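Structure record follows, encoded as structure tokens.
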Amino acid sequence: MTANNSDLPWDESSGAADPFSAAEQPGNSPRQDAPPLTAWGVVLCVSGTLIAAENAVVVTTILATPSLRAPVFLLLASLGLADLLAGVALIMHFLFLFCLEPSDWSELVTSGLLVTSLTASLCSLMGVALDRYLSLSHALTYGSGQSRRRAALLLLLVWLGACFMGAGPAMGWHCLDKPDSCSVARPLTRTYLSLLCGGFLVVVLVTLQLYAGICRVARRHAHAIATQRHFLPSHQSYASKHGSGRGFSRLVVVLSVFVGCWMPFSLWGLLGDASSPPLYTYATLVPAAGSSLLNPLLYSLRNKDIRKVLLHACCPRRHHSHATHMHHPVDV
């Protein structure tokens with residue numbers, strides 16, 4: 001998925017056009033010689049490798065640990081797998097662009113894989129928010145067999161939908177033979193990208209609503225506990241005395257990163273067209289892809305059980321006693 005550029009080829013010195021484009025002009029035959037490696041290519045390869053390695057650690061940790069089978073860990077494994085595929089897509093794009101002979105086929109494959117990974121990643125984030133909401137509002141039944149089956153069904157729907165959307169470019173939803181129908185992200189058509197970004201916006205808004213519901217439920221719980229304990233002074237809230245302010249600050253950070261990564265590209269995909277400056281497309285697409293690098297830090301690696309498993313794997317003697325007393329947190 002690249003920024004559309006129907007006027008000029010990429011000029012590395014000026015940065016005025018498309019550094020992702022596999023061909024100098026839409027519809028031209030593939031280049032016979034790969035371009036020389038550039039600083040942008042190095043950044044592309046390194047970032048893809050970091051994303052793939054980071055998320056591979058998360059996915060391997062969850063799948064290899066029998067105690068990590070609560071619904072939240074299934075969702076985190078899905079999120080890690082989606083972000084892992086995003087890293088693989090960036091590496092593949094680097095290889096096709098700088099090492100192998102670029103072609104229409106390679107552009108369709110990398111675009112489809114990137115669409116699949118980003119869609120699955122965003123929907124998995126919505127699933128994590130839904131899991132947090134259910135863990136608070138249905139705390140007594142959370143973690144039961146029914147909850148795990150519900151989480152597995154949700155993930156099945158997420159990945160079926162992501163694969164369906166990702167198959168669009170290969171199934172004909174591309175503009176390689178019709179440059180006039182291109183969107184801001186070549187080779188996706190404007191209609192296809194509008195549907196994709198419209199869906200992204202819906203998922204973002206639903207996720208924000210779920211987090212708003214989480215805040216409401218948590219506030220009710222805190223108030224109920226404070227009332228039962230007669231521990232609600234007029235000059236100081238129960239939440240502030242018990243560190244909920246710190247939890248709220250973390251939530252603000254998570255939501256800020258989430259909105260900052262996904263909202264720009266979702267809006268730009270709807271508002272931009274093929275004649276829009278490619279720089280704007282990269283300014284919005286890079287944060288969306290960069291979310292795959294931040295997600296493990298904000299979600300998986302912040303979980304105490306996952307950290308315990310990783311520490312035990314690195315220092316088995318030091319953390320042996322702690323590993324035998326693992327819990328199953330419902331919050332991440």
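The values are calculated or read from the model by the stated rules, or taken from the named source; none is laboratory data. This one's a predicted model, so the numbers in the text were calculated from it and none came from an experiment. Because the Cβ atoms are built from the backbone with ideal geometry, glycine has one as well, and the counts that use them run over all protein chains shown. Remember, those area values only see protein heavy atoms, side chains included, never the ligands or the DNA or RNA. Shrake-Rupley method; radii C 1.70, N 1.55, O 1.52, S 1.80 Å.
Pairing residues of region 110-124 that are within 11 Å of VAL203 (Cα to Cα) with residues that are outside any helix (DSSP H, G or I), at Cβ distances under 9 Å and at least 6 apart in sequence or on separate chains, gives no pairs at all.
Matching residues to (1) without any contact (Cβ under 8 Å) to a residue 12 or more places away in the chain; (2) crowded, with 21+ Cβ neighbours inside 10 Å; (3) in a helix (DSSP H, G or I); (4) not hydrophobic (A, V, I, L, M, F, W, C):
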| position | (1), (2), (3), (4) |
| --- | --- |
| LEU136 | no, no, yes, no |
| ARG149 | yes, no, yes, yes |
| PRO169 | no, yes, no, yes |
| VAL206 | no, no, yes, no |
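Of the listed requirements (1) closer than 22 Å to VAL259 by Cβ; (2) modelled with pLDDT under 90, PHE231 misses just one: (1). Of the residues making up region 111-134, just one is open to solvent by 10 Å² or more (accessible area, probe 1.4 Å) and touching a Phe, Trp or Tyr at 6+ places or on another chain (Cβ under 7 Å), namely LEU134. I want to confirm something. Restricting to region 261-274 and keeping residues that are open to solvent by 20 Å² or more (accessible area, probe 1.4 Å) and not aromatic (Phe, Trp, Tyr), which single residue is farthest from LEU205 (Cα to Cα)? Ranking the qualifying residues of region 261-274, first place goes to ALA274.
Assessment of region 171-179 against the conditions (of a type in the set (Asp, Glu), touching a residue at least 24 places away in the same chain (Cβ under 8 Å) and either assigned to a helix (DSSP H, G or I) or closer than 21 Å to PHE258 by Cα (or both)) yields no matching residue. Within region 53-70, if we keep just the residues that are more than 15 Å from the chain's Cα centre (by Cα) and surrounded by 17 or more Cβ atoms within 10 Å (Cβ to Cβ), the residue that is nearest to ALA86 (Cα to Cα) turns out to be VAL57. Among residues of region 44-65 that are closer than 18 Å to LEU95 by Cβ, those with a Cβ under 8 angstrom from a residue that is charged (D, E, K, R) and in a helix (DSSP H, G or I), sequence gap 6+ or separate chain, pair up as ILE51/ASP83.
Among all positions in region 59-69, there is at least one residue which is outside any helix (DSSP H, G or I) and small (Gly, Ala, Ser). Considering only residues in region 275-314 that are aliphatic (A, V, I, L, M) and open to solvent by less than 40 Å² (accessible area, probe 1.4 Å), the one that is farthest from the chain's Cα centre (by Cα) turns out to be VAL309.
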